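Heads up, the thing below is written out as structure tokens.
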Amino acid sequence: MSTKNVEIVEVNAENWYECCELEVSQEQTKYIESNAISIAQSKFEPTLKPYAIYSDEKVVGFLMYNSILEELDGYWVYRIMVDKKFQGQSIGKKATKLMILEMAKLPNVKKIVVGYHLDNSEAHNLYSSLGFINNGDRFGKEMAVIKYITD
């Protein structure tokens, strides 16, 4: 699935290593697990769906969501990152829109939920621009925002 040079492709034998080599900026490392850990987690939790983010046919990011309902009766976004060399080009926003389209196909989807640290302004700006709403839900050090999916 793609939109203007950006597409998401399930992690596979051809792209997993490139995903593992991607890095966020130094100041962002406190907000997200490495892609290698996320890919390993998906092998032990098969409901997690990892994807490589491509821009112009090059792996530039990674995302992962859960395909079963969890807290707040929603489907959760677990990870989304764009390599530090490709940030600031709207790739993350385009990939997040594609992910929402994929998640909207899940059974009985009413809510997509994502958690992030309160001081992560980039995440806040991204999710609020895509219609995620802050209802005041908190999970440890993270806030959870919700996108309501309507038919």
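The values are calculated or read from the model by the stated rules, or taken from the named source; none is laboratory data. Model, not experiment: these values are computed from the prediction. Quick reminder, even Gly has a Cβ in these numbers, built from the backbone with ideal geometry, and neighbours come from all protein chains shown. Quick note on the areas: whole protein, heavy atoms, side chains included, nothing else; ligands and nucleic acids left out. Shrake-Rupley method; radii C 1.70, N 1.55, O 1.52, S 1.80 Å.
For the stretch 1-55, the candidate set comprises residues that are more than 20 Å from Gly115 (Cβ to Cβ) and of a type in the set (Asp, Glu); within that set, the residue that is least open to solvent (accessible area, probe 1.4 Å) is Glu7. Considering only residues of the stretch 56-67 that are under 11 Å from the mean Cα position of the chain (by Cα) and not hydrophobic (A, V, I, L, M, F, W, C), which is surrounded by the fewest Cβ atoms within 10 Å (Cβ to Cβ)? Residue satisfying both the conditions and the ranking: Asn66. Among the residues of the stretch 68-86, those that are under 15 Å from the mean Cα position of the chain (by Cα) and among the aromatic types (Phe, Trp, Tyr) comprise Tyr75, Trp76, Tyr78.
On the basis of being in a helix (DSSP H, G or I), of a type in the set (Ser, Thr, Tyr) and either within 16 Å of Met64 (Cα to Cα) or open to solvent by 70 Å² or more (accessible area, probe 1.4 Å) (or both), does Tyr116 make the cut? Show your work before the answer.
On the way: in a helix (DSSP H, G or I): no; of a type in the set (Ser, Thr, Tyr): yes; either within 16 Å of Met64 (Cα to Cα) or open to solvent by 70 Å² or more (accessible area, probe 1.4 Å) (or both): yes.
Considered against the rule, which asks whether it is in a helix (DSSP H, G or I), of a type in the set (Ser, Thr, Tyr) and either within 16 Å of Met64 (Cα to Cα) or open to solvent by 70 Å² or more (accessible area, probe 1.4 Å) (or both), Tyr116 comes out as no.
Which of the residues belonging to the stretch 24-58 are modelled with pLDDT of 95 or more and not in a helix (DSSP H, G or I)? Passing the criteria: Glu45, Pro46, Thr47, Leu48, Lys49, Pro50, Tyr51, Ala52, Ile53, Tyr54, Ser55, Lys58. Considering only the stretch 68-89, how many residues are surrounded by fewer than 16 Cβ atoms within 10 Å (Cβ to Cβ) and free of Cβ contacts under 8 Å to residues at least 60 places away in the same chain? The qualifying residues number 6. Just so you know, in the stretch 123-142 the residues that are over 18 Å from Asn66 (Cβ atoms) and buried (at least 17 other Cβ atoms within 10 Å of the Cβ) include one that is nearest to the chain's Cα centre (by Cα), and it is Leu126. Considering only the stretch 125-139, I want to know if a residue exists there that is part of a loop (DSSP other than H, G, I, E, B), modelled with pLDDT under 95 and of a type in the set (S, T, N, Q). No, there is no match, as no residue in the stretch 125-139 is part of a loop (DSSP other than H, G, I, E, B), modelled with pLDDT under 95 and of a type in the set (S, T, N, Q).
Could you list all residues from the stretch 94-130 that are small (Gly, Ala, Ser) and touching a residue at least 60 places away in the same chain (Cβ under 8 Å)?
The first filter runs over the stretch 94-130 and keeps only residues small (Gly, Ala, Ser), leaving 95, 104, 115, 121, 123, 128-129.
Selection gives Ala95, Ala123.
Taking every residue in the stretch 22-48 that is in contact (Cβ under 8 Å) with a residue 24 or more places away in the chain and pairing it with any residue that is basic (Lys, Arg) and surrounded by 12 or more Cβ atoms within 10 Å (Cβ to Cβ), at least 6 positions away or on another chain, the pairs with Cβ-Cβ distances below 6 Å are Glu23/Lys84; Val24/Lys84; Ser25/Lys84; Ser38/Arg79.
Can we say Lys97 is closer than 18 Å to Leu130 by Cα and open to solvent by 50 Å² or more (accessible area, probe 1.4 Å)? In short, yes.
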